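The values are calculated or read from the model by the stated rules, or taken from the named source; none is laboratory data. Everything numeric here is computed off the predicted structure, so don't read it as measured data. Reconstructed Cβ throughout: ideal geometry from the backbone, glycine too, with neighbour counts over all protein chains shown. Side chains are part of the model used for accessible areas, which takes the heavy atoms of the whole protein and leaves out ligands, DNA and RNA. Shrake-Rupley method; radii C 1.70, N 1.55, O 1.52, S 1.80 Å.
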Amino acid sequence: MSKMLEFHDVELYYDHVYALRGVSIDLDQGETVALIGANGAGKTSILRAITGLARPRTGSIRFEGEEIAGANPADVVARGIAMVPEGRRVFPYMSVKDNLLMGAFTRSDKKDIQQTLDRVLERFPRLKERYSQTAGTLSGGEQQMMVIGRALMAKPRLLLLDEPSLGIAPKLVQDIARSIVSINREEGVSVLLVEQNSRMALSISNRAYALTTGNVVIEGNSKELMTDPRIKAAYLGGEV
Amino acid sequence: MEQIIANGIYLGAQYAMIALGLTLIFALMNVLNFAHGQMYVLGGFVTYTIYGQLGLPYVVALLASCVTLAVLGALIEKFLFGPVIRRSSREESTMLLAAGLAFLLDAVILLLFGEKQRGVPKIVDGVLNWDFRIIMPYDRILICLLAILSIVAFISFMQFTKTGRALRALAQDRVAAQLMGVNVERYSMIGFALGAMLAGLVGGLLVTITGINLGMGGPTSIKAFMMVMIGGAGVISGAIAGGIILGFMEAIGLAVLSQYGDITYLLIFVSLMIFLAIRPQGLMGKPWG
Amino acid sequence: MSALLEVRHLTKKFGGLTANRDISFSVKEHEILSVIGPNGAGKSTLFKMISSFLPTTSGEVLYRGERISNLKPHIVARKGVVRTFQETTIFKSMTVRESIIVAQHLRSRASLAGYFWRSKTAQEDIESFGRYADDLLEFLGMSALAGELASNLPQGSLRALGIAIGLATDPKVLLLDEPFAGMNHDETMRMVALVRKVRDDRGVTVLLVEHDMAAVMSISDRIVVLNFGEMIAEGTPQEIQSDDKVIEAYLGSADDEIGM
Amino acid sequence: ENPVLKIGFVGVTSGPAAAWGISNQRSMEARAAWLNELGGYEIGGTTYDIEIVSFDDQKDPKRAIAGMEKMAQENIHYVVGPNVDDGAAAVRPVAEEKGIIYFPYAFPKELYTPPASNAVLGMVANYQSGPAIYEYLRDEKGVKTVAFVAANESDPLSQRDGGVEAAKELGLEVVSSNVTYQVDTTDFTPVITPVIRTQPDLLVLSGVSPAHAPQLIRSARELGFEGIISTETAQDATVLQEGAGDLANGFISVGGASTPEIASDAMKEFVQRYTDMFGEYNDESNTKVYALEYILETLKANPAAIDDVEEFKKTMDTFEAPNPFMEGDAKLRYVGTTSFGQKRQVAVPLVVNVFQDGEFETLFVAEVD
Amino acid sequence: MTQSLKMLINAVIFLVVLFVAVPVLIAASGRTDFYFTLTSVALLSIASAGVWLMFYIGRINIGQGAFALIGAYVSAILVTKAGMSFWLTLPLAGLFAALVGVLIGVPILRLKGVYFAMISLVLTQVVSLTALALPITNGAKGITSIPLPDELSVLGVTLIPDFATLENSRLAFYYTACILMVLTFAAMYRLVNSRLGHICRSMQQNEELAASIGINIAYVRVIVFAISSFFGGIGGAMFGSIAQSVYPSTFVVTDSVNFMLNCFLGGLGYVFGPMLGTLVLYFGWDLMFELGRFQLLVYSSVLIMLMLVLPNGLLSLKLPRFAGAGK
Ligand SMILES: Nc1ncnc2c1ncn2[C@@H]1O[C@H](COP(=O)(O)OP(=O)(O)OP(=O)(O)O)[C@@H](O)[C@H]1O
Ligand SMILES: Nc1ncnc2c1ncn2[C@@H]1O[C@H](COP(=O)(O)OP(=O)(O)OP(=O)(O)O)[C@@H](O)[C@H]1O
Ligand SMILES: [Mg+2]
Ligand SMILES: [Mg+2]
């Protein structure tokens, strides 16, 4: 059986600035994989390449066996990949409800959508309380929940998360981490997680890749990486 | 008094429709469409040709003008604005394009329809005269109702349909909309077509009352800009509020200040500037919502 | 020693919402004071009032005993109280070095007209701006990025640039809004060291808002905690970490399952 | 092949104000084509083909100057246009410097009174037609009170001021004259309501453009106005019919010479040729055909004027030729002594028309001096 | 050093072309009508330069026609009613326009983006309507028969002769306009390449950040708007003097839009953009004069094509000679 996602030897440039120089990663059905790495290492670029927001120069990206490199984002989403972008990007002047419904844009079965909606609201009861509030007025944490919910509305098989803990209070970070774990376990959604908060990322993922400036430098089982001295020195630091 | 309110509603409804199309295009593409007025004129001429010249039913003419403008809008987006927005380093550059387009449409309208004022037969005759408190011809009342109906339909479309939601999402965050599976190119085109169609619809409605001529385009654009400013750029409710406010300002100004004719508009303009100086983002200044 | 900056009974209302309610605290010279609190607690709002980017509803801010609230932002900056922004706010199409040069506005001695006529003072200014920019980039370890266009920088470097721009104004008090957001641990700790160095070498007093607890606890002399616009605690990092109200409202408790 | 005689036109033929100049340009072109078809036009023993050189000034006085410069460059000494006051005033320096006689459709008196001497008013001015119309209405229809509305623009406003002055001089009571409207007005009812309230016997639409006239008429009638509506400017019957239908019946305006009562066969042929050439006729064009005719006839009377406008000016004082476009023994000659102190106006018949069921009927014909 | 030497050479070439080659060519070809066209280009590009400067601080100014009209009226009124020398009224017209710019600018410069663009568009109409309503401007009748610029002499030495006595006043206007244009663009170049330009650029990109580093943004905005209005006033006053008449419709919304288009077409990133843009837009129209009724159609199509091919302006073709402050 082939992997769910194969990201093979991809090079990506913005104008003449390289962002990825031959990166390969993969992900199995049901896995949670973390990408950690310094600033500008290219983590976001990997996600952008997968969703078609950026077009790789070389290499191949296969999702469930089919090539999606350079595809239109709309098509990628329709195939079952949803992404929570860096900086949340809510639709600030739409209600929570409309934001969530936007998540189901590629789906057409009304009843099915309603079911997913109910499940999302069940998972994030806070969103139910704020159901018709304009999204821009939500607090940062609530917005983060909402965009995760929005991504789930697409009923994705693969969920891409770009720094979900950015700018979020520690307590909420824990809530979000718990949600990710349960989405993965209960709904069987595979997760590709980009995080600066490496401790959190490693603790909730099965496997992880560490990147520096456009290259994968370390990869392996998250538990093992947690104790890997190289990782510890660069990404985890001493105990707080 | 009643007359002023009636005039205000009538003017407000038609203005609001003009402003809606402009603000939609602005919200979606960040394009200040100088050619909006010309699109409106084109709509009027299409209706004139089909209803006034060919003698087909008015409804057919109105539909034809909507369709023509929608198609034109879609083409303009696809072949002109789309490419320029993608390739230019400053988004204001589209203004040159929009102005060029206004010139082009002026030229095309002149060649196709001539320079004369055109009018169509009245669609309904008679005048409502309520005790000399409100005097309003029936055709105006009808057009006013149609305008209000179109506005309601448009809002419902934007608010409750999937396409409408996608357009709003696109206006607020293009990248996020893309990640929801919205095909940005297609929906930009739809949005532009919709905005142009609104212009065509107003043109088709108003031609029955005011007639149409080449010269009406430019001033209409400027008026639409004013309404959009009053209400706040890129907001549905703002466009409507702006249209109604300008409509009432005109109705009141003309009634109250008629003896100082020359300065009625000067006062309207100046008060607009003062208003904006106090409230720079207009009444509902925020992006599309 | 008396306080350098004093916040007195600050209140800010946005319509019906009270973003800050009766906040009072003071900052001593050379101190690093952190403001923490849940999202939407009013931290950024507080910073905006201190830097006069927002008018206060009531209360005032004193700097060296002089009122600095409800003035124009550039006047407060002139007095030496400078803020950075929570969002990555930079001059997009300028290079890093250009940004830093323009940011030295307050250090200029020539008038605007002087720059136009290229007076002697103006020439000297320009030279000194260049030199200072290079020094500062060196100091911040960003020399390699000097010629890079700001819009091409990754998140973390953008934050660093934001701080650099703030520093270039030669501030007495620097307000940093989430300066470490989007940095990994390693980078964060490097920035922490840098901020400390700024304080030690340049005598800058620092106020910062941050969600990265590791950084906050290691850098702060004192911490102020806001919740729903109100100040719920104030103290040293040790005191704050063990404050029940703070744990309840903000820090949360460790969770074994997710290893935090 | 005949040598070519170039006659210029500087005016607006594109953009929103295109209507101003297009009828002008077209009537010149139609007439020129006709003359050329007849084998050319003979002046001083030479037969010329007439070529119309048009410059579109986009109603911008700056461009109008450029247009006049271009005419000078082409060695053209006789130019029709510009169409509006500001353009006509702006080209004056060039015309005088380069020796060009121009025929503007603009009313400022300074253009035609000394020391100015190169401009010839190409039509009847409102301060000439106004009094004639008001006088007629006062004497024949018992009009006592009059109200004015005008667009808030240079030309209409000065025409209104002239009209008010004339009405007062004739002993009429001006009950409303301050109401103006923006050119972009789409609903004239609120504009005109306060005017109707003053219940004038006569409502004058000063300097009204063909586009606005039907709407103003319609609004006034719909508001129950029963008095007379008139204007001093030329209008188009089709436009009135389309825009106001029967409501426009009784509307009084100034026309040229195509009304059947006075049109000669030549005028009828001109209308026919114009219609064939451009698809539809414009009722304003029959006034505008005169300028070209005057230029050519005057040149014929004094061939030396072809390259010397001073000769042309000399001829103007005594010039007289039969008017081909009018029945009877009407003459082409220069007038204007009363208004300008020198003969700087073409003697177009002042034909006052009344609109009836889609056509103009002649109310009366007068002459200006 | 070689850089500035190259610039110097280019500047000299440009001046020689402007003041020697053009007149010689015109004399040789006999196309004296080009004098007026080129004079217009020079004057309009001065006004456009002001608009360009507003772009430089991130404001789309579609109200330059208002200031040109103000300038034209101020000069015309002072010359006809106060009998002042035109040469004195020229700077006064600019200063008065600048003053109006300051008064209006203080409230409206707080607006950004399309809001500023739209309100400035309305401004042109406001000034036209004011001119229609005021007695001092003669309302709808306009001011006509303005005398040509008179002699300017200092201590009995004639610096500028009386234009009315000149055989070729077109040439005199051409030279005057060119000198003004050269001064304007030299000043602009200097401004843009000085620290002031740097500050403007920072404001264009982010006003809040600019304020946070201590720049008095309100002040700089108003100063720049005043300079822009000054340019507008000068251009307008010169025009009034050439046409010897001013009407409320001498500068209208279309002119304001054209000033803005000149900047776009030339390229917003280049100091000399407005000059080139005005040349192409204004001259282009005249050159298409032969096209008759298709003139506007072709003109607008060409404009649109240019935009499609060069969305960042003509100078983005990277003509090194004109590149100015371009990046
Ligand atoms: N739009 C762009 N234009 C030019 N360069 C870009 C652009 N976006 C990213 N880059 C560059 O590509 C490289 C990788 O960026 P990317 O955003 O993928 O990094 P990242 O790992 O997500 O970093 P961060 O942790 O800061 O989000 C960086 O050097 C960055 O400067
Ligand atoms: N201009 C404004 N108008 C209305 N409400 C505002 C405005 N600015 C902030 N608020 C509200 O004030 C509250 C405090 O906002 P603030 O930005 O200060 O929070 P914060 O503590 O910085 O949060 P975070 O950690 O997410 O950045 C929020 O509820 C916010 O929505
Ligand atoms: Mg990233
Ligand atoms: Mg904040």
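Observations
- Taking the C-alpha atoms of chain C, convex hull volume expressed per residue in Å³: 146
- Each of C:Asp186 and C:Glu127 was given a label point 7 Å from its Cα along the Cα-to-Cβ line. The distance between the two points is 4.1 nm.
- Solvent-accessible area assigned to carbon and sulfur over the range E:34-255 amounts to 69 percent, based on a 1.4 Å probe.
- Spin-label zone in the range D:122-159 - amide nitrogen under 15 Å from a point set 7 Å from the Cα of B:Phe132 along the C-beta vector: none
- Inter-chain Cβ neighbour average for residues E:194-207, partner chain, 10 Å: 6
- Cα gyration tensor category, rounded, prolate or oblate, for chain E with a/c compared to 1.5: rounded
- Shielding by partners for peptide A:139-151, expressed as the average number of C-beta atoms from other protein chains within 10 Å of each residue's C-beta, is 2.
- Between amide H atoms placed 1.01 Å from N, distances below 5 Å from C:Leu226 occur with C:Ile36, C:Gly37, C:Ile232, all of them 5 or more places distant or on a separate chain.
- Per-selection Rg to Rh, the protein assembly as shown - Cα, Kirkwood hydrodynamic radius: 1.02
- Out-of-range pairs (alpha-carbon distance over 26 Å; input D:Lys314/E:Lys141; C:Lys48/C:Lys172; D:Lys6/D:Lys98; D:Lys300/D:Lys331): D:Lys314/E:Lys141
- What the protein assembly as shown shows is 35 Å² of accessible area per residue, with the surface traced by a 1.4 Å probe over protein heavy atoms.
- Kirkwood-Stokes translational diffusion coefficient of the range B:126-249, alpha-carbon pairs, 37 °C, 0.692 mPa s, µm²/s: 198
- Binning all Cα-Cα separations of the range E:198-296 at 5 Å, short to long from zero, yields these whole-percent fractions: 2, 10, 13, 18, 19, 15, 9, 6, 4, 2, 1, 0.
- Compared with the dominant principal axis of the Cα atoms in chain B, helix B:138-160 is inclined by about 20°.
- Cβ-Cβ distance of C:Ser24 and C:Arg202, R₀ of 41 Å, FRET efficiency by 1/(1 + (r/R0)^6): the value works out to about 0.90.
- 5 angstrom amide H check on C:Leu208, placed H, neighbours 5+ away: C:Leu33, C:Ser34, C:Val35, C:Leu176
- Remark: relative contact order (chain E) = 32 percent; criterion is Cα-Cα distance under 8 angstrom and separation of 6 or more residues.
- Comparing mean-square fluctuations of E:Ile213, E:Ile108, E:Ile146 from a GNM of chain E with C-alpha springs under 10 Å, the top value falls on E:Ile213.
- Between D:Val4 and C:Glu66, the modelled labels are 7.8 nm apart [label points 7 Å from Cα along Cα→Cβ].
- Peptide A:73-81 - average C-beta neighbours from other chains (10 Å radius): 4
- Where labels lie 7 Å past Cα in the beta-carbon direction, separation of C:Asp134 and B:Leu267 in nm: 6.6
- Given charges at beta-carbon only (K, R positive; D, E negative), |dipole| of the range A:56-136 in Debye: 300
- When you restrict to C-alpha pairs under 8 Å that are six or more residues apart and normalise by the size of the range B:125-195, the relative contact order lands at 15 percent.
- The Cβ shell under 12 Å around C:Arg8 holds other residues with a net charge of -2, Lys and Arg each +1, Asp and Glu each -1.
- Total formal charge among the other residues, if their Cβ is under 10 angstrom from that of E:Ala218, Lys/Arg +1 and Asp/Glu -1: +2
- Cross-link pairs A:Lys43/C:Lys28; A:Lys3/A:Lys171; A:Lys171/C:Lys13 - those with Cα-Cα distance over 30 Å: A:Lys43/C:Lys28; A:Lys3/A:Lys171
- Highest-fluctuation residue, A:Asn206, A:Asn99, A:Asn39 considered, GNM on chain A with Cα pairs under 10 Å: A:Asn39
- If you wrap the tightest convex hull around every Cα atom of the range E:139-183 and split its volume per residue, you get 131 Å³.
- A cut-off of 5 Å between modelled amide H atoms, ignoring neighbours fewer than 5 places along the same chain, links A:Ile218 with A:Ala210.
- Residue among D:Asp86, D:Asp161, D:Asp276 with the largest mean-square fluctuation in a Gaussian network model of chain D, springs linking Cα atoms under 10 Å: D:Asp276
- Ignoring aspartates and glutamates fewer than eight residues from A:Lys110 along the same chain, the ones with Cα atoms less than 13 angstrom from its Cα are A:Asp118.
- The contact between chain B and chain D removes approximately 3300 Å² from the accessible area (both sides summed; 1.4 Å probe; ligands, DNA and RNA excluded).
- Rounded to the nearest 20, the Cβ-based charge dipole of chain E about its Cα centre (Lys and Arg +1, Asp and Glu -1) stands at 820 debye.
- Förster-model FRET efficiency, 25 Å R0, D:Ala366 and D:Glu169, C-beta, rounded to 0.05: 0.90
- Take every pair of alpha-carbon atoms less than 8 Å apart whose residues are at least six positions apart; their mean separation over the length of chain C yields a relative contact order of 25 percent.
- Modelled FRET efficiency - R0 22 Å, A:Glu67 with A:Gln29, Cβ distances, 0.05 increments: 0.75
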